[in-house]
Amino acid sequence: MRVVFLGPPGVGKGTQASIFCRNNDFRHISTGELLRNALELDGEMGQKIRKFMEAGDLVPDDLMLGMIESALVDEQNGVVFDGFPRTEVQARGLDDLLEKRNERVDRVVLLIADEAEVIRRVLARGRSDDTLETVRHRFEVYDASTAPLIEYYRERGTLREVDGMGAISEIQERIHNALMDDGSANGRSAG
Ligand code: AMP
């Protein structure tokens, strides 16, 4: 099963994705993490990526799609994409990449939380790109570029809305129910 975790910055995608993957033996692919690792590696590319991230802007689609393509090796178990796709170009690119492998995005978990709570969570993380100004900008970018993916996946019948408020364990249970509700989800890809 291929799953996308969608939602605004700070809604808890990373936390929930890593718990879900640990419990279900899924691979967790976080593009934010991949990018932060890439920053440590090399000069020129690192510098370029850093500029986008520090401004709270999106890293260009072609770079992200290349990164995902090389991250997807021979996956036997399920995969959770966390923080990807973030634009419609990325979503279409992911569909194409998976189609070549005879796979598809089976489910999309949309985590929902109220804005005040989400902003509180982001600022509490204290990451270097988590200044108030950058956070505000990341929300604008989310609304403009990423939120349209809600419709994209709703049209394809894969979207599951999950209440992201409350205790981590409660949210985890809701996610589990949203993903395991038709009995076909045993961690293997369909087809
Ligand atoms: P995250 O850890 O998911 O909050 O991502 C941190 C930053 O990495 C974002 O603010 C973007 O600058 C960049 N980033 C992460 N994932 C993507 C993506 N799929 N497309 C473009 N930029 C991304």
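The values are calculated or read from the model by the stated rules, or taken from the named source; none is laboratory data. Values in this document were obtained by computation on a predicted structure and should not be read as measured data. Positions of Cβ are generated from backbone atoms using ideal geometry, with glycine treated the same way; all protein chains shown enter the neighbour counts. Side chains included, ligands, DNA and RNA excluded: accessible areas come from the protein's heavy atoms. Shrake-Rupley method; radii C 1.70, N 1.55, O 1.52, S 1.80 Å.
Brief remarks on what is shown
- For Lys100, a cut-off of 18 angstrom between C-alpha atoms picks up these aspartates and glutamates, skipping any fewer than 8 places away in its own chain: Asp62, Glu69, Asp74, Glu75.
- Cα-based values for the range 29-87, radius of gyration first and Dmax second, are 11.9, 36 Å.
- Dipole in debye (nearest 20) - the chain, about Cα centre, beta carbon charges: Lys, Arg +1; Asp, Glu -1: 260
- Taken along its principal axes, the alpha carbon cloud of the range 81-128 reaches lengths of 40, 23, 15 Å, longest axis first.
- The tail of the calculated P(r) for the chain beyond 25 Å holds 32 percent of all Cα-Cα pairs.
- Percent carbon-and-sulfur accessible area, the range 2-180, ignoring ligands, DNA and RNA, probe 1.4 Å: 50
- Near-label residues of the range 108-137 by backbone N, under 16 Å of a point 7 Å along Cα→Cβ of Glu54: 127-135
- Net length available on complete extension from Lys100 to Arg22 is 25.4 nm, with 0.36 nm assigned per residue and the Cα-Cα distance removed.
- Given charges at beta-carbon only (K, R positive; D, E negative), |dipole| of the range 24-85 in Debye: 200
- For the chain: accessible area per residue (Å², 1.4 Å): 51
- For the pair Ser70 and Leu123, a Förster radius of 41 Å applied to the C-beta separation gives a FRET efficiency near 0.80, rounded to the nearest 0.05.
- Between the range 114-147 and the range 4-50, the alpha-carbon center distance in angstrom: 16
- Projecting the Cα positions of Ala116, Phe5, Ala167 onto the charge dipole of the chain (unit charges on Cβ atoms of Lys, Arg, Asp and Glu, taken about the Cα centre) puts Ala167 furthest along the positive direction.
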